[in-house]
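Notes follow the structure.
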Amino acid sequence: MKRQKPRPPLPRKLNLLEYFPYHLYPVMRPNQRLGLETIEANDGLATLEAPTGSGKMAIGYTFLKALAAQRLGPLFYIVPTKTQVDQLVRYHPDLIPVYGRNEHDCLYYPDLSLKADEIPTVLCPGCDHFVNQETGAVNVPGVVPCPYYLQKYQAKQAPIVVCTMAFYLFTQLFSQEWEEPAGLVIDEAHQFPRVVRNCLSYEITDYHLWRSADLLAEIDGVAAHQLRDFGRKMISIIKRKPAGQGTLLKDEEIIQLIELLDVIDAGAVERALSRAIRQGLIDVKQDRETLKQLETIVRDLRRYLHTLEYSLPTKQRHALNYTYGFYEEEMGPNDKAQYRLVIKAHYVAPIIAKILSPRTVAYSATIGDPPIFQGETGIRADVFEFGSEFSHLKTRVFMPTDTKNLAFNTRGRQDVTRTLRLVAKAARRFAQRGHRSLVVIVSEKERQKFLTLAEEERLKVLSYGNGSPAKTVAARFLGGEGDCLVGTTAQYGEGIDLPRQSAPVIFMLRPGYPHPDDPGTQFEERRFSTGQVWAIRQWRVMMEALQVRGRNIRSSDDLGVTFFMSQQFRKFLRSSLPKWLERAYRNTRTFDQCVEETMELLSRGDRGLTAGIQQ
């Protein structure tokens with residue numbers, strides 16, 4: 001990992017306001033001006049909390065364009081998802097996107113219609129279509145360039161690169177194909193830790209270990225034997241745990257696995273693998289899947305080793321990761337793997353801090369408690385909170401007085417079902433008046449229960465499953481299909497925009513506190529004090545609640561309300577609201593009274609829209 005350079009000052013004559021893209025945004029909003037002035041006053045290092053609709057995208061774009069004008073680079077604008085990359089480039093066509101291998105077709109096996117990430121990378125340099133990253137030339141003149149390596153080469157020549165957080169992480173942490181960025185913009189910055197945790201978590205199964213060892217035996221018998229030793233020890237350790245649930249490994253068990261991994265010479269295996277492919281000892285087509293898995297294991301051996309080591313505490317630090325085992329006592333007819341070793345990244349703030357630019361602008365509509373945000377994300381810049389141009393009169397945040405507390409240890413057997421039926425009945429009433437709803441729940445079991453209840457209440461519901469992805473279903477809903485969209489917080493808590501009254505009513509069932517038996521829950525309780533654990537979890541559910549609330553308020557023209565159903569929200573909801581939204585909070589009305597107030601608010605909004613159209 002490259003060491004960060006000292007942060008040089010911004011050029012004296014750099015005036016961010018001069019680079020504002022008036023050709024794209026005819027008027028500079030107050031928050032945009034304040035944001036740019038704040039960034040410049042802080043030498044290009046700031047975290048901004050600004051409500052949805054504040055024009056944060058234009059702030060980040062202006063900042064990077066100003067740096068590009070000074071011939072500083074490379075410059076990155078990063079977002080959580082590919083959809084957001086697409087959106088950013090659609091608004092700013094001069095920005096150059098770069099996508100991961102899974103977004104590009106592979107030309108190595110033209111008859112198989114595979115994506116690039118399904119192909120072992122060891123095959124790429126010898127492919128006719130490979131694009132040299134120094135010159136941009138293909139291996140065989142005249143052939144179609146590899147889409148993945150071509151767009152990566154083009155992005156390296158661009159002044160500003162747009163990519164996902166995951167792509168940026170691997171670029172800066174592992175491949176180091178770009179120099180340290182001269183400027184970095186992080187949109188939806190509160191999501192960065194979750195993305196990094198997902199990227200740096202690994203799963204090793206008995207099935208893939210044995211398949212890889214069999215293939216490896218043909219080129220390196222010693223390494224194959226060592227890999228099987230690791231697999232046998234892994235299974236032996238996991239079998240001591242209860243079946244059907246994830247169980248944390250003990251420190252001594254992790255040490256045993258580290259010792260077995262440490263003897264495998266990953267570099268020698270990689271060289272032997274390349275040599276076997278060149279000599280035709282491996283059928284690159286017939287053994288493609290196994291070759292891909294073997295390459296992954298060989299490539300990731302060092303990562304496995306490091307992540308396992310990070311699962312152990314030292315004198316200088318607590319454990320940063322956690323490792324757990326899982327197995328099924330009996331395998332199903334379609335199951336391939338019976339034993340799984342899962343290594344989960346947890347404390348990722350130091351990793352994020354290492355890959356930031358000396359000039360990093362981060363922003364989000366939800367920052368919450370700055371110290372906790374900084375501790376979770378590793379983004380240590382000062383946090384500046386901006387107000388909203390949105391009127392609190394056009395929204396409501398309801399905390400009804402008579403709904404149930406749906407916490408695991410306090411709710412009754414039928415409380416969840418009764419609450420979901422209450423939501424379904426209310427959504428049906430709203431639909432009869434022409435108002436559509438979004439229902440956000442936590443678990444898959446709750447989603448299935450709501451679908452059953454909605455059918456009983458004759459509510460036209462859209463949801464994912466049976467081959468219909470969540471994004472596709474959301475697009476259908478935005479197109480006007482159905483009266484109610486339902487999904488988990490993982491699918492619809494963020495990343496879905498429902499503007500212009502497409503779903504003016506949102507119901508959030510309960511906060512997503514982790515299950516007590518989850519290995520991650522147990523790890524946090526061991527690693528942190530009770531007070532620290534509670535503060536971090538409260539911050540997470542606060543962020544979750546605020547993100548859900550913002551799904552239907554995307555601009556100053558929108559109108560919408562959010563019902564928070566479980567009494568668990570009462571403990572923190574009001575204190576989590578930004579100041580401009582506090583006057584929209586209602587916590588002294590029954591559920592039925594909240595429904596009636598919503599009807600009146602939406603009716604006034606409809607009359608206002610009708611009057612505007614007539615005028």
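The numbers here are math on the coordinates, done by the rules we state, and not lab data. Please read these numbers as outputs of a predicted model, since none were measured by experiment. Neighbour counts run over all protein chains shown; Cβ positions are idealised from the backbone, glycine included.
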Fill in the blank from the handout: With only helices counted (DSSP H, runs n ≥ 4, each -39500 (n - 2.57)), the per-residue ellipticity at 222 nm for the chain, to the nearest 500, works out to -13000 deg cm²/dmol
Practice task
Can you tell me the relative contact order of the chain? Whole percent, Cα pairs under 8 Å, sequence separation 6 or more.
Solution key: 16 percent
Practice task
Starting from the Cα of ILE255, move 7 Å in the Cα-to-Cβ direction to define the label point; list residues of the stretch 278-318 whose amide nitrogen is under 18 Å from there.
Solution key: 305-318
Completion exercise
Among beta bridges assigned by DSSP with both residues in the stretch 392-614, the antiparallel ones amount in percent, to the nearest 5, to 5 percent
Fill in the blank from the handout: Any residue on another chain or 5+ positions along whose placed amide H is under 5 Å from the amide H of ILE96 is listed here as ILE160, VAL162
Completion exercise
Here, chymotrypsin sites (Phe, Trp or Tyr not before Pro) of the stretch 15-76 satisfying both criteria (DSSP loop; at most 11 other Cβ within 10 Å) are TYR22
Handout entry: Degrees separating the helix 415-432 axis from the principal Cα axis of the chain, which is the longest one
Key = 60 degrees
Exercise for the section: May I ask you to compute the full-extension gain from LYS315 to GLU329, defined as 0.36 nm times their residue separation minus their alpha-carbon distance, rounded to one decimal in nm? Expected result: 1.2 nm
Exercise for the section: Give the angle, between 0 and 90 degrees and rounded to the nearest 10, that separates the Cα long axis of helix 221-238 from the longest principal axis of the Cα atoms of the chain. Expected result: 40 degrees
Problem - GLU525-ASN15 pseudo-label distance in nm [points 7 Å out on the Cα-to-Cβ vector] - result: 6.0 nm
Problem - Extension reserve of the LYS471-GLN245 stretch, reckoned as 0.36 nm per residue once the Cα distance is removed - result: 78.4 nm
Handout entry: Paramagnetic label zone (point 7 Å from Cα along Cα-to-C-beta, ASN42; backbone N under 15 Å) in the stretch 346-380
Key = 357-375, 377-380
Completion exercise
Between the modelled labels at ASP592 and GLU455 (7 Å from Cα along Cα→Cβ) the distance in nm is 3.0 nm
Problem - Segments 531-543, 548-560, 574-586 sorted - mean Cβ within 10 Å per residue, highest first - result: 548-560, 531-543, 574-586
Problem - Summed side-chain charge close to ASP262 - residues other than ASP262 whose Cβ falls under 11 Å, Lys, Arg +1, Asp, Glu -1 - result: -2
Practice task
For LYS241, list the lysines whose Cα falls under 29 Å from its own Cα; do not include residues on the same chain fewer than 8 positions away.
Solution key: LYS233, LYS250, LYS315, LYS336, LYS344, LYS445
Fill in the blank from the handout: Note: ALA69 to ARG433 extended length (0.36 nm per residue) minus current alpha-carbon separation gives 125.7 nm
Problem - DSSP-defined antiparallel bridges as percent of all bridges, the chain, nearest 5 - result: 25 percent
Practice task
Could you sort 565-571, 500-506, 80-86 so that the peptide with the highest average Cβ count within 10 Å comes first and the rest follow in order?
Solution key: 500-506, 565-571, 80-86
Handout entry: Phi to ³J(HN,Hα) by Karplus 6.51 cos²θ - 1.76 cosθ + 1.60 over the stretch 25-38, Hz, x for Gly, Pro
Key = 10, x, 10, 7, 6, x, 5, 5, 4, 5, x, 5, 5, 5
Practice task
May I ask you to derive the FRET efficiency for ARG278 and LEU24 from their Cβ-Cβ distance with R0 = 30 Å, giving the value to the nearest 0.05?
Solution key: 0.05
Fill in the blank from the handout: Expected sort for 172-181, 28-37 on mean C-beta neighbours within 10 Å, highest first, is 28-37, 172-181
Practice task
Give the relative contact order (percent, whole number) for the stretch 60-176; include only Cα pairs under 8 Å separated by 6+ residues.
Solution key: 36 percent
Handout entry: Förster radius 41 Å - calculated FRET efficiency between ARG194 and GLU481 (Cβ-Cβ, nearest 0.05)
Key = 0.85
Practice task
Show the residues, 5+ positions off or on another chain, whose built amide H is closer than 5 Å to the amide H of GLY73.
Solution key: ALA182
Exercise for the section: May I ask for the angle, rounded to the nearest 10°, between helix 56-69 and the longest principal axis of the chain, with both axes built from Cα atoms and the value confined to 0 to 90°? Expected result: 50 degrees
Handout entry: Cα→Cβ-extended label distance, 7 Å offset, between PHE572 and GLU218, nm
Key = 5.3 nm
Exercise for the section: Grab the other residues whose beta carbon is less than 12 angstrom from that of THR488, score K and R as +1, D and E as -1, and report the net. Expected result: -1
